[in-house]
Amino acid sequence: MTEHRLGEIAHARSGDKGSGANVGIIAYTPEGYAVLKTYLTSARVEAFFRPMGVGVVTRYEWESIGAFNFTLPDILAGGGSRSLRIDAQGKALGQILLEMPIPIDEATLTQCRRPDPLRSPS
Amino acid sequence: MMRIGNAQGFWGDDVDAPARLVGQQPDLDYLTLDYLAEVTMSILALQRSRDPEAGYARDFMHVVKAIAPYWREGHPVRIVANAGGLNPRACAQACVESLREAGCADKKIALVTGDDVLETIKTLARQGDALNNLDTGKPIATVVDSLVTANTYFGAAPLVEALDAGADIVLTGRVADPCMTLAPCMHHFKWAHDDYDRIAGGLIAGHVLECGTQATGGISTHWLELPDVANMGFPFVEMDADGSFVVTKPAGTGGAVNARTVKEQLLYEMHDPGNYVSPDACVNLLKTTVEEVERDRVRVAGFKGRPPPADYKVSATYRDGYRASGQLTLFGRDAVEKAWKSGEIIHDRLNRAGYSYKHTNIECLGAGACAPGMFVEPDLFETVLRISVADHNKEAVERFAKEIAPLACGGAQGTTGYAGGRPRPTPVFGFWPCLLPAKHVQPIIEMIDV
């Protein structure tokens, strides 16, 4: 079991809503979805984002598209025109969560990585 | 099957995109243009306070003039746009003039108003209605004297009526973004207002389209891998009568429409995918499928709709003081340490001069400012100090703005990049989402012959 970044097995999209935000995490493969279902709990995501002042995180399972949606209340320190942060609209939150380390063994990792090679045009 | 595109994802998007999309996709039936984000209304209110004829998205006139040549050649594309903002009537008048000048006097505009409920909200608040903030639970009485705007989110109904009456351009103020796509579907396929599963499909098509190029690879995780991003296509959907649809973009354009870009956009600003709430239906997306059928063609299907909430959602904004942000660049050894110290010096001087602020922030751009506290701060050779304050006292914020430049002489060696000049205080607007019973709201549709 070694640690890898979440971004090796999933991609993401974040957006704002008032002073909160959401991050969607989309597994590249069904095996990756199963790994994330167990590991990427609302409690772990909440603990991960605690330095940024997040409130109570909720996780929504969305298996038909292989995704999880996390709502992150209060993470934008005001949001909209009020937040003094450079990323007042949470545009970077997807990139941040993809840096989360997750423990995963090499055999499972092979099944979870994106099947197509990097940097090929879609 | 019918085709609906989006070529403005927000006010400030590529103004040449709408005419380009019509030119690239001559069989496009409808074009939606979305100008209004949450805080846009308060910016429009500021503009209207300086000029009573302002308060709408002036960019729209450029769009109308650019599409006019296609209309003159008989292109049937119809437009649904919330360009009216806070002043739909002035927008419609400008639109009439633009169309006459462009030789399109045969066009019909439908003006949809009634979304501006500021006076209603103020009256109800003074009568003791709580109008609680949906996020915080606080009563609106705490901000009623500072309210700047209050608009209901209309659903598709008034837009469908406008299209049924033959409008070529449906011009609105605030309307729920996805309903601008749903309305042409309901008009074209004659879906009943309680045909919730199909309506759900129209709404989700609108959700995918409403941010323009975010559906065609914009802000996607794999953006760096996408082809010809400089020529990114704007999206359109091919909508079927059953409410399922294909997301695609014109041939020969850059970016990509694949399962990943579409899934990402489905998740954008999503709350509970089992209960996506809109004025026309609540949608359950938990059985929704996303399937690549060809290159740059993705079929999205499987929606369950339920009746919508009884009340209108209102988005109100209120003035909440002022803010300012300034920047300095620090280069050389210990750049980050120097930047932090420079920021602290500015606050220290302001404190000594007797100023205090409700909120302050110091950031070192390049050192993880987008993720404060999340990662180990790197030892950089160059960083940008960004320092910000907010307070109700405008004079204090103005004083802050004057305190940054002195570091150009008195700060660390390698302090540079004061090119932005003295920062200007800008108003802060708070956002107040609340519910309003339908009996207080009446959409008004006026047909205007150009």
### Message
Just the residues that are charged (D, E, K, R) and either surrounded by 22 or more Cβ atoms within 10 Å (Cβ to Cβ) or more than 21 Å from residue A:61 (Cα to Cα) (or both), please, taken from region B:249-285.
### Response
B:249, B:260, B:263, B:264, B:280
### Message
Any residue at all in region B:153-162 that's under 16 Å from the mean Cα position of the chain (by Cα) and among the hydroxyl-bearing types (Ser, Thr, Tyr)?
### Response
yes
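Mind listing whichever residues of region B:211-228 are part of a helix (DSSP H, G or I), surrounded by fewer than 19 Cβ atoms within 10 Å (Cβ to Cβ) and within 22 Å of the chain's Cα centre (by Cα)? Before you say what the answer is, go through the steps one by one.
Here is the first cut: in region B:211-228, the ones part of a helix (DSSP H, G or I) are B:212-215, B:223-225.
Imposing the further condition that a residue be surrounded by fewer than 19 Cβ atoms within 10 Å (Cβ to Cβ) reduces the set to B:223-225.
Once the filter is applied, which keeps residues that are part of a helix (DSSP H, G or I), surrounded by fewer than 19 Cβ atoms within 10 Å (Cβ to Cβ) and within 22 Å of the chain's Cα centre (by Cα), region B:211-228 yields only B:223.
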### Query
Got at least one residue in region B:55-73 being within 14 Å of chain A (Cβ to nearest Cβ), touching a Cys at 6+ places or on another chain (Cβ under 8 Å), more than 20 Å from residue B:188 (Cβ to Cβ) and assigned to a loop (DSSP other than H, G, I, E, B)?
no
### Message
Just to be sure I understand, how many residues within region B:6-42 are touching a Ser or Thr at 6+ places or on another chain (Cβ under 7 Å) and under 29 Å from residue B:189 (Cα atoms)?
### Response
4
### Filter result (surrounded by fewer than 19 Cβ atoms within 10 Å (Cβ to Cβ), in contact (Cβ under 8 Å) with a residue 12 or more places away in the chain and either in a strand (DSSP E or B) or under 34 Å from the mean Cα position of the chain (by Cα) (or both)) within region B:370-383
B:377, B:382
### Task
Give B:81, B:45 a once-over and let me know the one that is of a type in the set (Gly, Ala, Ser) and out of contact with any Ser or Thr (no Cβ under 6 Å at 6 or more places or on another chain).
B:81
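Can you give me the number of residues within region B:398-430 that are of a type in the set (A, V, I, L, M, F, W, C), assigned to a loop (DSSP other than H, G, I, E, B) and either surrounded by 17 or more Cβ atoms within 10 Å (Cβ to Cβ) or not assigned by TED's automatic domain parsing to the domain that holds residue B:344 (or both)?
Residues flagged as of a type in the set (A, V, I, L, M, F, W, C), assigned to a loop (DSSP other than H, G, I, E, B) and either surrounded by 17 or more Cβ atoms within 10 Å (Cβ to Cβ) or not assigned by TED's automatic domain parsing to the domain that holds residue B:344 (or both) within region B:398-430 amount to 2.
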### Query
Is it the case that region B:322-332 has a residue that's part of a strand (DSSP E or B) and of a type in the set (Phe, Trp, Tyr)?
yes
### Task
All but one of (1) closer than 15 Å to residue B:174 by Cβ; (2) modelled with pLDDT of 95 or more hold for residue B:39, so report the exception by its number.
(2)
### Task
Restricting attention to region B:255-301, report how many residues are among the small types (Gly, Ala, Ser), farther than 22 Å from residue B:229 by Cβ and within 11 Å of chain A (Cβ to nearest Cβ).
2
### Message
Quick test for you: out of B:30, B:56, pick the one residue that is crowded, with 24+ Cβ neighbours inside 10 Å and either at pLDDT below 95 or under 16 Å from residue B:90 (Cα atoms) (or both).
### Response
B:56
### Message
Can you find, within region B:302-313, the residue that is farthest from residue B:253 (Cα to Cα) among those that are in a strand (DSSP E or B) and more than 13 Å from chain A (Cβ to nearest Cβ)?
### Response
B:312
### Whichever residue in region B:238-254 is out of contact with any strand residue (DSSP E or B) (no Cβ under 6 Å at 6 or more places or on another chain) and of a type in the set (A, V, I, L, M) and, among such residues, is farthest from the other protein chains (Cβ to nearest Cβ)
B:241
### Query
Which residues, taken from region B:187-210, are crowded, with 24+ Cβ neighbours inside 10 Å and among the hydrophobic types (A, V, I, L, M, F, W, C)?
B:199, B:200, B:203, B:204, B:205, B:208, B:209
### Message
What's the total number of residues in region B:338-366 that are assigned to a loop (DSSP other than H, G, I, E, B) and more than 15 Å from residue B:414 (Cβ to Cβ)?
### Response
6
### Query
Taking into account only those residues within region B:405-450 that are among the β-branched types (Val, Ile, Thr) and closer than 26 Å to residue B:313 by Cα, which is nearest to the other protein chains (Cβ to nearest Cβ)?
B:428
### Message
It is to be established whether one or more residues within region B:163-185 are of a type in the set (S, T, N, Q), in the same structural domain as residue B:35 (by TED's automatic domain parsing) and not in a helix (DSSP H, G or I).
### Response
yes
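The values are calculated or read from the model by the stated rules, or taken from the named source; none is laboratory data. Only a predicted model underlies this, so the values are computations on that prediction, with no experimental measurement involved. Here the Cβ is made from the backbone with ideal geometry for all residues, glycine too, and neighbour counts use every protein chain on show.
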